[in-house]
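> Dumping the structure here so I can ask a few things about it.
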Amino acid sequence: MFSLANVLGKLQKYKESEGFFLHALRINPNAASFHGNLAVLYHRWGKLDLAKKHYELSLDLDAEAPGTRDNYNMLLRKLDHIKRSTP
């Protein structure tokens, strides 16, 4: 499920990818890598609130998750930029 979700996400088949990630999370809700990769999918898809939620879940489960902290910080900078650009 996880591998297929990643492949579909890279092909910009976001809805299909999301379904596989969510299914994988139902099987193993404590997998930091599942949350982290779902966060990346939401980040690419522009669903920034969901991306933030899943980055945070991933980091709560594994604070040392490879790349997750960097991606999360990138998202926070983007959210801050949007907030400062909005009147």
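The values are calculated or read from the model by the stated rules, or taken from the named source; none is laboratory data. Here the structure is a predicted model, which is why all the values come from computation and not from measurement. Cβ: placed from backbone, ideal geometry, glycine included. Neighbour counts: every protein chain shown. Heads up: the accessible areas ignore ligands, DNA and RNA and are worked out on the full protein's heavy atoms, side chains in. Shrake-Rupley method; radii C 1.70, N 1.55, O 1.52, S 1.80 Å.
> Fully extended, how many nm does the chain gain between D62 and L50 (0.36 nm per residue separation, minus their Cα-Cα distance)?
Contour length minus Cα-Cα distance gives 2.5 nm.
> What aspartates and glutamates could a cross-link reach from K13, if we take a straight Cα to Cα line under 18 Å and drop same-chain neighbours fewer than 8 places away?
none
> A follow-up question, please. Going from most exposed to least, what order do I82, I27 have by accessible area with a 1.4 Å probe?
I27, I82
> Got a number for the accessible area of H81? Probe 1.4 Å, square angstrom, nearest 10.
Accessible area, nearest 10 Å²: 110 Å².
> Once every DSSP H run of n ≥ 4 in the chain is given -39500 (n - 2.57) and the sum is divided by its residues, what mean residue ellipticity at 222 nm do you get, rounded to the nearest 500 deg cm²/dmol?
It lands at -25500 deg cm²/dmol.
> Also, quick follow-up: Once volume of the Cα convex hull per residue in Å³ is worked out from the coordinates, which option in [x] 112; [y] 134; [z] 87 does it equal?
Matching entry in [x] 112; [y] 134; [z] 87: [z].
> Could you please report the charge total around L79, scoring K, R as +1 and D, E as -1 over all other residues with beta-carbon less than 13 angstrom from its beta-carbon?
Summing Lys and Arg as +1 and Asp and Glu as -1 gives +4.
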